[in-house]
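**Student:** Handing you a structure now.
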Amino acid sequence: MRQRPIGTATRGTTNPNRLRRMDRWIADAHGPALRRAGTPVAVDLGYGAAPWTAVELLDRLRTAEPRTVMAGIEIDPERVAAAQPYAREGLTFVHGGFEVPLGVRPLLIRAANVLRQYDEDQVAEVWGRLCSRLAPDGLLVEGTCDEIGRRHVWVALGPEGPRTVTFATRLGSLDRPSDLAERLPKALIHRNVPGEPVHAFLRDFDRAWATASPYASLGARQRWIAAVRAVAGDWPVTDGVRRWRQGEITVPWDALRPSGR
């Protein structure tokens, strides 16, 4: 007898192209692992009331590795049924939850805007469960974005646990880097208070952004690059200018790990 799906249904709200920034980062960062795999299997966990995000993620991952196959997993059986007309070669839709009911271990699990409704003290258990389902070279990407995909923050995890935190934004819409605080994933959103590393990071990033204001005449991208370069003098930024130009900055999880965790 198949076990009952683990988790609870999300609100299900989604929009086409909402997760494009996350998708592009995954394709770039995880492309080498996809290419090494015998059968690169990816999962869009909790895709919502419409299957746009699963369809789009598969298309973007196939730019990195054309052999990629995708399973969209939803805990609401009505959403799974509604998605079936979009199934095609390499794209299936499955009823399930955090148990990830596939016959193989996926190389990627993307869970976007899924844990917002959970309590902070539930996050570690969910992360552990999902990481245990990954292939040895697998990646879990869990995070949050706004309704139209202008601002994202996500955590990337391997089978061993969290690795990095990435902040990504549409630069033309940004007033200051701390605007991204409202999209911190559940593990960090309640930690944006004095004394916590994520608060200190965003404070320092805002200061660097203000100092880089002369670059604004060259465009928001040049100002962002200058600010990230300044922040990298005090924080262990792991990416480089090629990603900064996309409106991204990635730092190790350990640099932002909540106090006492």
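**Student:** So in the stretch 207-261, with the set limited to residues that are open to solvent by 40 Å² or more (accessible area, probe 1.4 Å) and of a type in the set (Val, Ile, Thr), which one is nearest to Ser178 (Cα to Cα)?
**Tutor:** Selected residue: Thr211.
**Student:** Residues to consider are Leu180, Leu202, Leu140, Leu157; find the one that is touching a Pro at 6+ places or on another chain (Cβ under 8 Å) and either on the phi > 0 side of the Ramachandran plot or modelled with pLDDT of 95 or more (or both).
**Tutor:** Only one candidate qualifies: Leu202.
**Student:** Out of the stretch 163-177, which residues are more than 18 Å from the chain's Cα centre (by Cα) and more than 18 Å from Ile148 (Cα to Cα)?
**Tutor:** The answer is Arg176, and nothing else.
**Student:** While we're here: Just checking: which of the helices (runs of 4 or more DSSP H) contained wholly in the stretch 12-127 hold 2 or more residues that are under 25 Å from Thr250 (Cα atoms) and not hydroxyl-bearing (Ser, Thr, Tyr)?
**Tutor:** 20-36, 52-64
The values are calculated or read from the model by the stated rules, or taken from the named source; none is laboratory data. Source: prediction; values computed, not measured. In this analysis, Cβ positions are derived from the backbone assuming ideal geometry, glycine residues included, and neighbour counts consider all displayed protein chains. These area figures cover heavy atoms from the full protein model, side chains too; ligands, DNA and RNA do not enter into them. Shrake-Rupley method; radii C 1.70, N 1.55, O 1.52, S 1.80 Å.
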